[in-house]
Amino acid sequence: MTAPARPSRRWLVAYLRPEWRALGAGSAVMAARACVLLALPWPLKFIIDNVIFQRKLAPLLHGVLPDPVAHRVELLNLLGLTMLGLGALDALLVFVGNRLFLDVGQRVVFRVRSDLFAHLQRLSLDFHRRQRGGELMARLSGDVRQLQDFIAAVGIDLLPHGLTIIGMATVMLLIDWRYALLALSVAPILFLMARFYADRLRQRLRQVRRQESTLSGLTQEILGGVQVVQAFARETHEDARFGEQAGKSLTASLQANTVQAQFGPAMNFIIAVATGAIAWYGAISVIQGTLTPGELLIFLAYLRGIATPARQFAKTGRIFGRASVALERIGEYRAEQPSIVDDQNAVAPEACAGRVEFRAVGFGYGAAQDVLHDISFTLEPGRTVALVGATGSGKSTIASLIPRFYDAGSGSILLDGSDIRTLPLNWLRRQIGLVLQEPLLFQARIWENIAYGMAGAGRSEAIAAARDVGVDDIIERLPGGFDAMVNERGLNLSGGQRQCVAIARAMLCGAPVVILDEPSSSLDAATEQRLMRALERLASQRAALVIAHRLATVMNADLILVLDQGRIVERGSHADLLAAAGTYATLWHALREIPEPPKLRLVSP
Ligand SMILES: Nc1ncnc2c1ncn2[C@@H]1O[C@H](COP(=O)(O)OP(=O)(O)OP(=O)(O)O)[C@@H](O)[C@H]1O
């Protein structure tokens, strides 16, 4: 089996391109800084050679610098001031350069994150169902942040130090090429070693990131389901699960640390040997008179100037390794394409009556097994179709095909006679009001949650929608009424109250087709009646597909479809089905004998 191709990391270039001005300015500043670093040891050279040892100035510097014999103190003062000036200039350039590169990093991260978020939002449900929640968060926040460190490391560390190294090598060659070659012979060894370790480090860091993502996914899963954990007193079990994963993450990090820890000392050792050899050879050259003490100082200072960033490659290597892994991981998500896309020739119809027709629809979530077989029915405007059947018989799956959360595997679904695959996706979804069994609310005021149903709707429209479905008094009874804050996922509201908000939201969106997944949980009789009335008001005048759990809903439906293992086994009105004396009739009679509240829940044999 061949390993899957690594996603490209080039996509970052597109994000850097608009930053060319700031990047150019930053690079110029850092190039200037490299010059300053190059110049820094020179005043000291002149102090040693000319001020202390009273050597004559090079002919080029006559008239530029005060004479070392006649104006010794002036020369010393000037050199001292130059050192001070160079130090201050270096600080200023570092400040400006850092700001420029850090700002570019922030802006790039902002855009990468926004684009990735927008992209992820539009990926089809099958992608999201495959992902662990924590994994998405890990890539959106953690991985994206690595890019910022990477841009800063390139601009702030690599660029000035790289230029400095090149500059220093050139100057060394100009002073004494034989000596310079000896000093620089260490550079290829450092380079090869840095590459060797960078590759190994990258592999390890990829492991670290994978384990960290899994850990954050697991954490989110456990803490998100903390109620179940506590209810079954499984805290110790979850501690163990968390501990096991955290252990894997720790092992991966320790392995990466080992590589990194080897890298620094190995570089240091080579640099120490090189410095020793150069100092020794340099001292001999000074004794023989082929090198001045000041020049030896320049060599040693430059060697330090080369060694310091080389040593820093250990740190930069880690940042690069992490960024490289992050680029791959974000690239993987960027390469994902929504499986449900608009038809190129899709044109939005002017109006929608809401007639939904299933024609011999078959569907499976994966290639493994079909969940729906040969489903055909028609939902007319103003009518209600109820889906009943055992758990897992395919009711929610049928409902999810209408807004194209998934596409039918075979057969077709038509809206007003047009195949829904030929209609613009956004338009199609705007024609459908959805009330889920467990409605999802956002952390916002109640009226804002209702107004979510229609872009641009305000508080008064939200209240009017709640009034239309007759749940306004239920909401008004809450502390704060329509302005009450809903906390994350709406957990501070009861199941019935959440349903009321969701029904009002579907009402507000004014869609001609509504899909209602009735709450199957027990509600008190009064709330249940109110909800039923609200659902009826929402469904009236529209085409309503109801996943029915209540006898009252089923009885009043225009068409009842009884599902069993993804097939429609019976169909007709309540009266027809009772007369047919089949599965439905048996169930109905059995349920009528059960005291209130009646729930229609067929159970597979
Ligand atoms: N995302 C999914 N991936 C794979 N299989 C799925 C997925 N969702 C549902 N299924 C499978 O499809 C079948 C039908 O599920 P569906 O949710 O439509 O049943 P249902 O009749 O709505 O059940 P319930 O009344 O319990 O909500 C089940 O066997 C289920 O395991």
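The values are calculated or read from the model by the stated rules, or taken from the named source; none is laboratory data. Since the model is a prediction, treat every value here as computed from it, not as a measurement. Quick reminder, even Gly has a Cβ in these numbers, built from the backbone with ideal geometry, and neighbours come from all protein chains shown.
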Item to complete: Only one of these is closer than 30 Å to Met137 by Cβ and β-branched (Val, Ile, Thr): Ile340, Ile420. Name it.
Response: Ile340
Response to the item:
Over the range 356-397, the set of residues among the charged types (D, E, K, R), within 16 Å of the ligand (Cβ to nearest atom) and not in a strand (DSSP E or B) is Asp370, Lys395
Worksheet item: Quick one: Gln499 ticks every box in (1) in contact with a strand residue (DSSP E or B) (Cβ under 8 Å, 6 or more places away or on another chain); (2) surrounded by fewer than 17 Cβ atoms within 10 Å (Cβ to Cβ); (3) modelled with pLDDT of 80 or more; (4) not acidic (Asp, Glu) bar one, so which box is it?
Response: (2)
Worksheet entry | Check on Ala457, away from the ligand (no atom under 16 Å from the Cβ), farther than 19 Å from Ala557 by Cβ, touching a residue at least 40 places away in the same chain (Cβ under 8 Å) and buried (at least 16 other Cβ atoms within 10 Å of the Cβ) | yes
Discussion item. Just to be sure before I move on: is Ser412 in a helix (DSSP H, G or I) and either buried (at least 18 other Cβ atoms within 10 Å of the Cβ) or at pLDDT 90 or above (or both) in the structure I sent?
Written reply: no
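Only one of Leu84, Leu60 is at pLDDT below 90 and closer than 26 Å to Met172 by Cα; which?
Leu60 is the lone residue from the list that is at pLDDT below 90 and closer than 26 Å to Met172 by Cα.
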Worksheet item: If you take the residues in the range 398-434 that are among the basic types (Lys, Arg) and closer than 22 Å to Arg505 by Cα, which one is farthest from the ligand (Cβ to nearest atom)?
Response: Arg430
Worksheet item: What tally of residues in the range 67-81 results from selecting those that are more than 60 Å from the chain's Cα centre (by Cα), surrounded by 13 or more Cβ atoms within 10 Å (Cβ to Cβ) and either part of a loop (DSSP other than H, G, I, E, B) or modelled with pLDDT of 90 or more (or both)?
Response: 3
Worksheet entry | Residue pairs meeting the criteria (Cβ under 9 Å; at least 6 apart or on separate chains; first over 14 Å from Ala534 (Cβ atoms), in the range 461-477; second of a type in the set (S, T, N, Q) and part of a helix (DSSP H, G or I)) | Ala462/Asn449
